[in-house]
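Derivation of every value follows stated rules applied to the coordinates shown; laboratory data play no part. This is a predicted model, so every value here is computed, not measured. Backbone-built Cβ (ideal geometry, glycine too); neighbour counts: all protein chains shown.
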Amino acid sequence: MPVPRETFLSNVWREGIFKDKVLFCTGGAGTICSMQVRAFVALGGNACITGRNAEKTEKGAADIASVRPGAKVIGIVADVRDMKAMDAAAERCATELGSIDFAIAGAAGNFLAPMSQLSSNAFKTVMEIDTLGSFHTAKAVLPYLAQSVQKHKNSGKAEPTGTGGRIIFISASFHFRGQPLQAHVMAAKAAVDQISSSVAMEYGPHGITSNVITPGPIAGTEGLERLSKSDERSVKETKAKIPVGRWGEVKEIADATVFLFSEAGSYVNGHVLVVDGGQWKTTGAD
Ligand code: HXC
């Protein structure tokens with residue numbers, strides 16, 4: 001069933017701002033990332049999404065492509081933990097779609113577990129999907145993002161911005177203040193934030209920007225569903241502490257993405273954009 005546009009994009013963006021641009025997104029069939037990619041494609045771009053599950057990835061790509069006639073969206077099966085697979089995916093994306101101008105390192109794994117129940121392999125698994133996977137994603141796409149910036153420079157176009165060479169990492173806010181049952185995720189996402197900072201410092205001089213989006217509790221996501229199933233009381237308490245008094249919508253993450261990728265976000269580099277209704281400020285407070 002087609003997803004109504006107002007569920008993944010606000011009516012404030014100019015049509016076609018990503019025309020002829022290409023987005024590479026890992027974990028692109030997931031609830032949040034698929035809406036980020038959808039927004040990009042609806043505004044004129046083409047995209048490549050990667051995932052571990054072939055059926056989910058291929059269906060995800062087809063669903064995203066349906067938002068705009070003529071849109072090209074390819075799904076590639078690749079595990080972010082495998083550097084060679086990420087290199088191959090980036091190469092295929094650039095070959096089939098012509099470039100990689102934007103990237104989202106979105107693949108993540110999570111579950112709720114107390115330290116006492118967290119095996120060494122469980123901790124390592126999340127570190128490898130989130131942290132190593134984000135590092136691999138950046139390594140695979142950065143040469144193409146640099147080409148995108150160079151291509152624009154060579155074109156002689158007057159406008160210096162809004163043309164590509166941007167990467168966004170998807171993180172979490174648990175590690176800002178501390179959260180039970182999330183030792184693995186806190187460690188992994190803290191590292192992801194710092195990978196983004198390094199990219200921002202090292203690649204800023206090449207015209208590439210790197211930022212983090214930190215989604216709060218977003219309705220309809222696997223993370224929130226798991227929390228709901230595991231602890232109903234905790235869900236009520238969590239919601240009560242969100243200053244704006246509600247869960248977030250996937251659209252609110254997609255809109256933040258469009259902002260960072262757009263000309264309007266051109267001077268934002270090395271930033272962590274928390275999109276959580278102010279939740280992290282109150283987490284842990286009575
Ligand atoms: C304790 C667990 C566990 C659990 C898995 N493990 N689930 N330990 N509690 N609930 C342990 C396993 O026992 C094993 O350790 C190790 O983790 C690896 O598990 P596998 O199933 O072999 O790994 P894999 O198939 O690679 O799956 C990775 C995964 C899985 C992270 C465990 O949940 C996954 O694929 N998730 C992807 C989708 C996802 O999580 N999306 C939500 C992202 S939301 P042993 O010692 O037995 O070998 C998000 C935002 C935060 O990130 C939301 C906050 C609520």
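What length, rounded to one decimal in nm, is gained on full extension from residue 222 through to residue 84, with 0.36 nm per residue of separation minus their alpha-carbon distance?
46.9 nm
Determine the dipole magnitude for the chain: charges of +1 sit on the beta-carbon of Lys and Arg, -1 on that of Asp and Glu, nothing else is charged, the reference point is the Cα centre, and the result goes in debye to the nearest 20.
With Lys and Arg at +1 and Asp and Glu at -1, about 140 debye.
Hey, got the Cα dimensions of the stretch 152-286 along the principal axes, in Å, largest first?
If we take the Cα atoms of the stretch 152-286, the spans are 58, 27, 24 Å.
If you average 1/r across every pair of different Cα atoms in the stretch 1-92 and take the reciprocal, what Kirkwood value do you get, in Å?
13.1 Å is the Kirkwood radius here.
Would you compute, from DSSP H runs of 4+ residues alone, the mean residue ellipticity of the chain at 222 nm, taking -39500 (n - 2.57) per run and dividing by the full residue count, rounded to the nearest 500?
When only DSSP H runs of four or more count, the value is -14000 deg cm²/dmol.
Would you please give the FRET efficiency between residue 6 and residue 233, computed as 1/(1 + (r/R0)^6) with r the Cβ-Cβ distance and R0 = 35 Å, to the nearest 0.05?
The computed FRET efficiency comes out at 0.60.
Please report the base-10 log of the normalised intensity I(q)/I(0) for the stretch 19-142, using a Debye sum with one equal scatterer per alpha carbon and no solvent, at each q in 0.16, 0.18, 0.21 (1/Å).
-0.69, -0.85, -1.09
Contact order normalised by length for the stretch 95-213, with contacts defined as Cα pairs under 8 Å and 6 or more residues apart; what percent is it?
The normalised contact order for the stretch 95-213 reaches 34 percent.
When the chain is treated as a GNM, springs tying every alpha-carbon pair under 10 Å, which of 234, 196, 134 comes out with the largest mean-square fluctuation?
Comparing 234, 196, 134 in the GNM, the peak value goes to 234.
If you add up the charges near residue 275, with Lys and Arg at +1 and Asp and Glu at -1, over every other residue whose beta carbon is less than 9 angstrom from its beta carbon, what do you get?
After counting each charged neighbour, the total is -3.
Does the chain classify as rounded, prolate or oblate by the C-alpha gyration tensor (a ≥ b ≥ c root eigenvalues; a/c under 1.5 gives rounded; else a/b over b/c gives prolate, otherwise oblate)?
Note, shape of the chain comes out prolate.
Would you mind pulling out the separation of the Cα centroids of the stretch 252-279 and the stretch 113-147, in Å?
Rounded to whole Å, the Cα centres lie 22 Å apart.
Considering Cα pairs under 8 angstrom that are at least six residues apart, work out the relative contact order of the stretch 11-95 and quote it in whole percent.
Relative contact order here is 27 percent.
Could you compute the net charge surrounding residue 251? Neighbours are other residues with a C-beta less than 12 Å from the C-beta of residue 251; K and R count +1, D and E count -1.
Summing Lys and Arg as +1 and Asp and Glu as -1 gives -2.
Name all residues of the stretch 184-226 having a backbone nitrogen under 19 Å from the label point set 7 Å from the Cα of residue 119 along its Cα→Cβ direction, giving them as ranges.
Answer for the stretch 184-226: 184-185.
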